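Have a look at the structure below, then the notes.
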Amino acid sequence: MNNILDINIIEKKILKSISVGFISLFCLWTLLYTFTEHSTIIIISILSVFYILLFLLVKFYIKNLTSNISEIYANKLKYEKFSKDYLNALEDTSPNLLISFLENKISKVNKAFLDFTGFKDIESFKKSHKSISELFIVRTGYLSNFLGTKNWLEYILDKPYHLQKVILRKDNEEYIFLVNARELNIDDKSRVICTFIDITEFEKLQTQFELAINATQDGLWDWDLKTNNVYFSPRWKKQLGYEDDELENILNTWTKLVHPDDLEQAQFDIQQNIDGKTILYENKHRLKHKNGSWIWILDRGQTIYDENNKPIRMIGFHTDITEKMIIEQELHDKDEMMIAQSQNAAMGEMISMIAHQWRQPLSVISMAANNIMADIELESIEYKSLKDTALEITKQTNELSNTIDDFRDFFRPKKSKEIVSVHKVFDDAFNIINQSLENNNVFVIKDFQSEKEIETYSRELMQVILNILKNSKEILCEKEIINKEITIRTYDYEDNVVIEISDNAGGIPKRFIPKIFDPYFSTKNDKTGTGLGLYMCKVIVEKHLNGRINATNKENGACFTIIINDKKDGYNGK
């Protein structure tokens with residue numbers, strides 16, 4: 001090849017052809033002039049010089065042309081050599097196993113292949129193995145030497161858009177490779193380049209992920225926000241009683257299954273997460289089971305964004321919490337029953353308080369009636385005195401009526417929240433219990449610092465306050481404290497209103513504090529205590545009022561602290 005493009009050879013071949021042409025043309029001109037004009041030496045001489053100059057000029061251009069051709073070819077050879085070296089370097093530095101086949105036989109492999117198989121070169125490998133497929137570990141779902149009537153390479157080439165995996169063993173360890181093959185035509189020869197990509201770690205992670213998913217019994221969903229397609233895992237469908245092929249992987253599948261009462265809130269929570277207003281999506285809703293029943297689902301997920309912060313994908317899990325919701329409902333019903341039981345148990349105490357509240361008005365009415373009777377007996381009735389007495393009786397009967405209203409409202413609490421100040425709740429509570437406190441010589445110290453209004457169930461909060469005040473009164477009387485005191489303090493803390501009710505009865509024994517709010521636990525004797533009072537206080541505050549309640553010892557008595565958020569979303573604090 002190099003001899004063909006040698007400059008001297010090219011010049012000789014071209015110049016030889018041109019010389020023959022010039023000489024032939026010169027002879028033709030000479031003969032022409034000889035026979036037509038009896039030949040002229042001058043003309044022949046001029047023609048000879050002209051042809052010589054023309055020959056030299058052509059020779060000069062031919063030399064330059066051949067030089068350029070030779071340089072271009074040399075550069076091409078250098079480029080091809082560089083490309084070949086570069087490709088060889090890429091092959092040898094690639095972590096993937098590369099195999100070149102010529103006529104279904106291995107013609108070349110890269111360094112990664114030799115390192116994996118432990119051979120020095122391809123010839124050494126060929127001496128030990130007839131085919132690369134001898135290294136394949138036969139297993140369902142992976143390539144083997146023959147698949148049907150085709151060998152593994154023909155099988156791959158026939159299915160270019162299918163993922164093919166193979167298992168190879170090295171040092172008693174199994175490695176999983178993703179296999180890809182392409183046909184190329186090089187030097188008019190059909191070659192196949194086969195790539196083995198190591199996906200062992202990925203397969204292990206996928207296996208661990210699948211085991212984790214199966215262990216949690218959670219259903220997986222993956223929503224492509226661009227195409228609106230949703231992948232529902234077989235476990236997701238199984239929780240609803242369906243096989244994998246019975247539910248279509250589209251968003252409408254989920255929409256149709258959600259309970260109508262839960263759909264709007266679920267969609268709202270999802271959109272909030274897509275819009276970036278929440279970090280995580282979480283919602284409880286009901287989905288329709290294949291058998292027609294409704295199951296409760298805890299659904300949670302997270303949105304994935306692209307480099308432009310546009311939502312592109314949302315992935316999540318859903319958990320069947322039906323049993324948990326049933327248990328919670330049973331506990332709620334139990335709590336409601338115990339609240340009613342607690343209120344019924346308190347009815348006798350309320351009647352006692354009514355008696356205290358009524359004692360003074362009834363005494364005033366009785367005294368007024370006796371005065372009227374005495375005036376009648378003495379025939380000394382005066383119009384003005386009789387009128388004043390009648391007015392006093394009317395005033396006292398109004399007090400009795402108001403007391404009845406207060407107790408009736410207590411036993412018929414409002415079912416909806418209302419915006420009210422803590423002071424107002426305490427005022428209503430004192431309308432019921434104040435007379436009982438005064439009759440037992442209990443002095444109440446009020447330190448109302450909070451001016452906030454809260455959205456809450458005021459009657460239930462009043463029930464808690466009444467129960468704590470009654471307990472404080474009873475322990476003060478039981479211990480025969482001389483200067484009986486109950487201190488009430490309210491103040492604001494961040495978004496919370498804090499209520500502290502403390503007494504000077506000596507405090508709660510330390511061994512009782514951890515279980516003071518347990519149901520049926522009481523420090524009183526069986527005749528005076530049911531063990532439900534403080535338990536119901538805790539249930540009401542934490543489950544109905546979205547607050548917190550705790551008991552501590554403070555100075556010379558017990559202190560009960562109630563923390564309620566001044567907003568409708570509940571308690572906010574540590």
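Just so you know, all these numbers are worked out from the coordinates, no wet-lab data involved. Please read all numbers here as calculations on a predicted model, not as lab measurements. Because the Cβ atoms are built from the backbone with ideal geometry, glycine has one as well, and the counts that use them run over all protein chains shown.
Points to keep in mind about this one:
- Under-5 Å amide H pairs with residue 504, H placed in peptide plane, nonlocal only: 485
- Residues whose placed amide H lies under 5 Å from that of residue 289, excluding near-sequence neighbours: 294, 295
- The modelled label-to-label distance between residue 137 and residue 447, using points 7 Å beyond Cα along the C-beta direction, is 7.5 nm.
- Pairs from the table (120/159; 473/510; 288/324; 204/277; 256/284) lying more than 28 angstrom apart at Cα are 120/159; 204/277.
- Spin-label model, residue 381 to residue 337: label points 7 Å out along the Cα-to-beta-carbon direction sit 6.0 nm apart.
- Karplus (6.51, -1.76, 1.60) ³J(HN,Hα), θ = phi - 60°, over the stretch 430-442, in Hz, Gly and Pro reported as x: 5, 4, 8, 9, 4, 5, 5, 5, 5, 5, 9, 6, 9
- Cut-off 14 Å between beta-carbons: net charge of the residues surrounding residue 552, Lys and Arg +1, Asp and Glu -1: +1
- Across the stretch 220-317, the fraction of Cα-Cα pairs farther apart than 22 Å, rounded to a whole number, is 25%.
- Nearest-0.05 FRET efficiency for residue 173 and residue 298, computed from C-beta distance (R0 35 Å): 0.30
- Under a model in which nothing but the beta-carbon of Lys, Arg (+1) and Asp, Glu (-1) is charged, the stretch 133-208 shows a dipole of about 180 debye around its Cα centre.
- Inter-label distance, nm, simple model (7 Å from Cα along the C-beta direction), residue 493/residue 253: 5.0 nm
- Proximity of backbone amide H atoms, modeled 1.01 Å from N, is registered between residue 249 and no other residue at under 5 Å, excluding neighbours fewer than 5 places apart on the same chain.
- Pairs from 130/189; 424/446; 165/238; 417/515 whose Cα-Cα separation, in the structure shown, is over 19 Å: 130/189; 165/238; 417/515
- Rounded to the nearest whole Hz, the Karplus-based 3J(HN,Hα) values (6.51 cos²θ - 1.76 cosθ + 1.60, θ = phi - 60°) of the stretch 550-563 follow the sequence 9, 10, 9, 9, 9, 6, 10, x, 8, 9, 9, 10, 10, 10, with x at glycine and proline.
- Potential lengthening between residue 263 and residue 374 on full extension [0.36 nm per residue; Cα-Cα distance subtracted]: 32.3 nm
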